[in-house]
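Below is one structure; the comments refer to it alone.
The values are calculated or read from the model by the stated rules, or taken from the named source; none is laboratory data. Treat the numbers as computed from the prediction; the structure is a model and nothing was measured. No Cβ is skipped: glycine too gets one built from the backbone with ideal geometry, and neighbour counts run over all protein chains shown.
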Amino acid sequence: MKEHSSSQPTEKLEWLTPIEAVLEILNEGVVITSQENRVLFVNSRFVEMSGIPEQELVGADASEFYSAQEWQFLAQQIAVVRHQGRHRYEFILPQKDGGRLPVIISSRILRNSGAEFRIITCSDITEQVRIANELRAANAKLQERQLEIEEDLRLAAQVQTSLAPKSTVRGNLTVDSFYHPVHSIGGDFAVVNWHDQDQVSLLMCDVSGHGIGSALVANRIYSETTVHLRAGISFTDMFGKLNRFLIEDIAGSEMFVTVAAARIDARQRRMHFAGAGHPPAMIARGSHSPVLLQSRSMVLGALPDAEATSDSLEVELEPDDRVVLYTDGITDVFNSRGEMLGVEGVQEIVRQASALPAEKMKQGILNGVVAWRNGPATDDASLMLVHVR
Amino acid sequence: MFGDQNTSHSAGDTAQISCRRHDKVTIFDLSGDIDFANSRQLRESVLREIQESRTSHVTVNLSAVRYIDSSGIASLVEALKASRDRGTRFILFGVSTPARELLQFSRLIKVFEIYDSEEQALASMGHCGSVHRESRSNHRKPVTRAQQEMP
């Protein structure tokens, strides 16, 4: 606060005397000025806030206590008060010892006996400003962290998408697939492992839930299953190993896994199929309702005795058969009446889509699901289609 | 006589979980859609009941469940495992078609003790179903805010 000239003696205002005692007990600084900005009254709280003795303040021109820049700002606020009758704004009050005190100023015009006065109250907002600054800093850190997480998720999504099987044509088989996580990453995944031109192993897997936790478990299982598929072990053994792995190594995750697995030999026109708690796979043949292949094993990761599973199914295939594997994100969609599409609904969509050329069938199924669905997808959805020529 | 305590709360936008308790039996009434958004709440409520061993029988009424997803089923399996550990009997009844379908697909239907109705479930525990049904309706009136906290 700059040095100021000595104050002029000021005549005491008659109307002020009765309320002076009230103004003294307020926890806010109070200043009363004349129309010409001469200080007529300050309470002891304002003296404490500014650090300037009362005798220096009273009678002085208010502008003497501020830098040119500060006074320019205050003059603008005074103009607003004069125009509106009252005004409220934030200000940094310069103190005599060089300190600066953040305050909220409430100012209003008072007219008495033809004269105009300004009553100014100053509330110390040091604590609020400190908290606001801390919040601002915390928000900045959170935003920074969020950007890091978003970047991590983007990379994770890229990795997960890169694991999704690509549509492939080999020998007498075409494999077409679709994968859509409801968040950037999810708990569905599929594996396609070609043994040779006409033999392929397929796996469709769904980890309960969705989001990061499911995606992490899905990626662990992806590695496990890929090893098992390449080793050519039986599906029954693979389910047993996966169940033990989930219960013993990922204990406490409270996540279950459903799996549909198929090994197709186009030369022999045979397919081995096994499911663990998974929605039934389908074989679409001509215009008939698709055949359902039910899971014979329990969901994996739920109970230790789930590994006591039955043998896989052996199915004979015919030319132009289409094998459809999917996750519950395809069946568990609701229309505007709240009706779930369900397996039966998907079965009908697959039947209709099987009339399309093989290369258009996947899109035909997806179109049918979207046509049923009211609103956006709420679960990860995967679909795999194999055309046996 | 049924419903010495009766608690109820919303589990998200689309589901409701309420609890009735008397002597040896606790019944959780579920309604609406049990999915990823509220299955944690279901799991916590049922597990707490089992772990605190307040009653020797914990049953879940699924008759008003419109939809249940794999995370909801996972919660029921967690409850089943906890009840085996604590020596509590865990029973499902009134399994709605969507819930039954999912239990069949997941091959878990044989793992649970399931009854068609509350009366049958209670009879299996040696309770008289009709008395409980009468008492049950008495306690279906709205609960106060103070009662809404799950035990």
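Note on segment B:46-78: residues that are among the aliphatic types (A, V, I, L, M) and farther than 21 Å from B:THR97 by Cα amount to 4. Screening segment B:56-90 for residues that are more than 14 Å from every other protein chain (Cβ to nearest Cβ), touching a helix residue (DSSP H, G or I) at 6+ places or on another chain (Cβ under 6 Å) and surrounded by fewer than 23 Cβ atoms within 10 Å (Cβ to Cβ) and picking the one that is farthest from B:ILE34 (Cα to Cα) gives B:ARG86.
Summed over segment A:173-213, residues that are acidic (Asp, Glu) and within 14 Å of another protein chain (Cβ to nearest Cβ) total 2. Looking only at residues in segment B:21-46 that are under 30 Å from A:ALA381 (Cα atoms) and hydrophobic (A, V, I, L, M, F, W, C), the one that is farthest from the other protein chains (Cβ to nearest Cβ) is B:LEU30. Does at least one position in segment A:148-156 carry a residue that is in a loop (DSSP other than H, G, I, E, B), at pLDDT 90 or above and of a type outside the set (Ser, Thr, Tyr)? No, every residue in segment A:148-156 fails to be in a loop (DSSP other than H, G, I, E, B), at pLDDT 90 or above and of a type outside the set (Ser, Thr, Tyr).
The condition (being under 14 Å from A:SER123 (Cα atoms) and modelled with pLDDT under 95) is satisfied by just one residue among A:LEU26, A:LEU93: A:LEU26. Any residue at all in segment A:342-356 that is hydroxyl-bearing (Ser, Thr, Tyr), under 27 Å from A:LEU246 (Cα atoms) and part of a loop (DSSP other than H, G, I, E, B)? Looking through segment A:342-356, none of the residues is hydroxyl-bearing (Ser, Thr, Tyr), under 27 Å from A:LEU246 (Cα atoms) and part of a loop (DSSP other than H, G, I, E, B).
You will find that of A:VAL39, A:VAL103, A:VAL31, the residue that is in contact with a Cys (Cβ under 8 Å, 6 or more places away or on another chain), closer than 19 Å to A:GLU14 by Cα and surrounded by 12 or more Cβ atoms within 10 Å (Cβ to Cβ) is A:VAL31 and no other. Within segment A:201-223, the residues that satisfy the criterion of being surrounded by fewer than 23 Cβ atoms within 10 Å (Cβ to Cβ) and of a type in the set (A, V, I, L, M, F, W, C) are A:ILE212, A:LEU216, A:VAL217. Taken over segment B:91-130, the criterion of being surrounded by fewer than 21 Cβ atoms within 10 Å (Cβ to Cβ), in a strand (DSSP E or B) and of a type outside the set (Val, Ile, Thr) is satisfied by B:GLU113, B:TYR115.
Of all residues in segment A:362-381, those that are surrounded by 22 or more Cβ atoms within 10 Å (Cβ to Cβ) and either in contact with a Lys or Arg (Cβ under 7 Å, 6 or more places away or on another chain) or within 14 Å of another protein chain (Cβ to nearest Cβ) (or both) total 3. Filtered by the rule that a residue be among the small types (Gly, Ala, Ser) and not in a helix (DSSP H, G or I), segment A:190-243 gives A:ALA190, A:SER201, A:SER208, A:GLY209, A:GLY211, A:GLY232, A:SER234.
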